[in-house]
Amino acid sequence: MPGRKAKPPRLWFREDEGVWVILDRGKQIRTGCGRDDLEGASKALESYIGGKHATTVGATDPRVLAIADVLTFYETRKRPKGNDPRAMEQHELLLIRLLDLNAFFGMKVVGDIKAQFCRDFVDWSTGAENDNNKRAGIAPRSTAVSDQTARRRLEDLRAALNAYHAEHVLNFVPKIILPEKAEGRQRWLTRNEAARLLGAALGYVWDSEEGTWKREGGRLVRQPRWVINRRRPAARFILVGLYSARREETIRRTQWLATTTHPWMNLGAMVYQGRGTEERKTKKRRPPAKIANRLRPHLVRWRKLDAQRSAELRAAGVMKVGEEIRFVVNRMHDGKPLAGKIRSAWEGILEDAGLGEDVVRHSLRHTAATWLMQQGTDRWQAAGWLGMTLEQLENGYGHHHPDFQEEAAEAFGGQRKL
């Protein structure tokens with residue numbers, strides 16, 4: 001009878017010594033990491049495996065080529081060449097996804113990739129029961145993700161294989177089977193809901209039972225001053241999102257003055273420059289767009305307020321001499337850009353506005369596109385302003401247009417000519 005298949009190197013916690021060790025074919029290699037330092041132990045395991053591994057990069061036979069080497073090859077090719085912070089951030093996200101793939105596929109070769117293996121990965125990612133994974137001794141992820149997240153990981157694996165094939169020409173390239181793509185979210189806000197969202201960002205609380213803003217003793221209820229100040233960046237974000245249809249990342253990166261590396265507001269020409277001239281083009285178009293009339297007075301007022309705050313922050317020593325607030329959406333206490341996505345403040349705003357979790361930050365873009373169609377805006381102009389193709393606009397929002405399939409619907413109404 002053939003011998004039992006050896007398990008790959010793995011971590012194990014020795015209770016008697018209070019330390020993580022690496023188990024490998026009966027050997028125990030101490031990592032020197034205590035129970036709480038799982039991250040350090042994981043890095044030690046990664047280094048140990050890397051030290052044992054002989055690279056297969058250059059191989060053209062998928063039955064020999066290690067998937068781990070394909071992922072490493074792809075990561076190396078995708079590394080940013082400059083010091084662009086945005087490119088570095090995107091690369092870090094890619095690295096996280098590749099590490100996730102490596103955790104499942106890393107001990108296999110490219111020739112092992114079959115349709116069922118891809119489905120096994122989806123089950124592993126989502127925490128679903130899977131007999132194949134059980135037999136292989138693969139435990140489900142500690143934190144389950146959606147099948148759409150698993151799909152995104154498999155798309156990375158496919159891209160990595162194609163990049164390697166373009167360089168070394170594999171004998172055959174296995175087909176990556178993806179979970180069915182879910183319909184994109186199309187949640188948009190009515191005018192009433194948008195007003196409630198903005199009102200909550202300014203500190204007011206919606207009374208869902210009464211259908212109006214909450215009052216106590218005849219006065220409107222409002223959150224404490226510190227909560228209002230914490231939500232001010234979100235209030236700006238909401239207004240810009242509703243009246244520019246820009247994505248969250250673009251809005252957070254938008255600056256007041258002309259720049260080649262960031263989006264910026266040209267208040268002289270009233271044009272929103274969605275992309276700096278030195279920024280690379282991506283699938284997510286960010287064309288220049290005329291600033292909406294509703295947004296213009298807000299931007300002019302915010303620009304003056306930020307100039308005053310810059311002077312105050314310089315006087316207080318928070319800012320250096322000559323330094324100014326550069327970003328449209330900025331932190332109140334120091335004028336710096338937001339460190340990350342608007343998350344915790346958004347959750348509180350939704351609660352105070354009486355809106356559900358289905359309203360996400362990207363809903364602002366859906367809302368702007370929907371309102372444009374409902375107003376009967378020319379489709380070609382709307383598509384250009386939104387940074388979409390006409391096909392994307394028609395497929396996603398065309399049914400909101402008052403002329404949607406009008407001729408087809410009226411074709412049956414007239415008398416038939418003999």
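Here, each number is a calculation from the coordinates, and none is a lab measurement. Bear in mind the structure is a predicted one, so any value in this text is a computation, not a measurement. A quick note on method: Cβ atoms are made from the backbone with ideal geometry, for glycine too, and the neighbour counts reach across all protein chains shown.
Assorted remarks:
- Across every direction, the projection of the convex hull enclosing the Cα atoms of the stretch 56-182 has a mean area of 8.3 nm².
- Comparing Ser310, Ser208, Ser42 in a Gaussian network model of the chain where C-alpha atoms under 10 Å apart are linked, the largest mean-square fluctuation is found at Ser42.
- Taking other C-beta atoms within 10 angstrom as a stand-in for reagent exposure, Phe412, Phe105, Phe13 fall in the order Phe412, Phe13, Phe105, fewest first.
- Percentage relative contact order, the chain, counting C-alpha pairs under 8 Å, at least six apart: 11 percent
- Most mobile listed residue (Arg215, Arg232, Arg365) in the chain, GNM with C-alpha springs under 10 Å: Arg215
- 24 Å Cα-Cα threshold exceeded, pairs from Lys81/Lys281; Lys108/Lys134; Lys43/Lys108; Lys181/Lys283: none
- Candidates Asp69, Asp403, Asp306, ranked by Gaussian network fluctuation over the chain, Cα under 10 Å, top entry: Asp403
- The stretch 191-400 pair-distance distribution - Cα-Cα, 10 Å bins, rounded %: 8, 31, 35, 20, 6, 0
- Scanning the chain for GluC sites (Glu not before Pro) in DSSP loops with at most 10 neighbouring Cβ atoms within 10 Å leaves 211-356 as the longest stretch between them.
- Working note: 222 nm ellipticity from helices only, DSSP H runs with n ≥ 4, each -39,500 (n - 2.57), summed and divided by the residues of the chain, gives -14000 deg cm²/dmol to the nearest 500.
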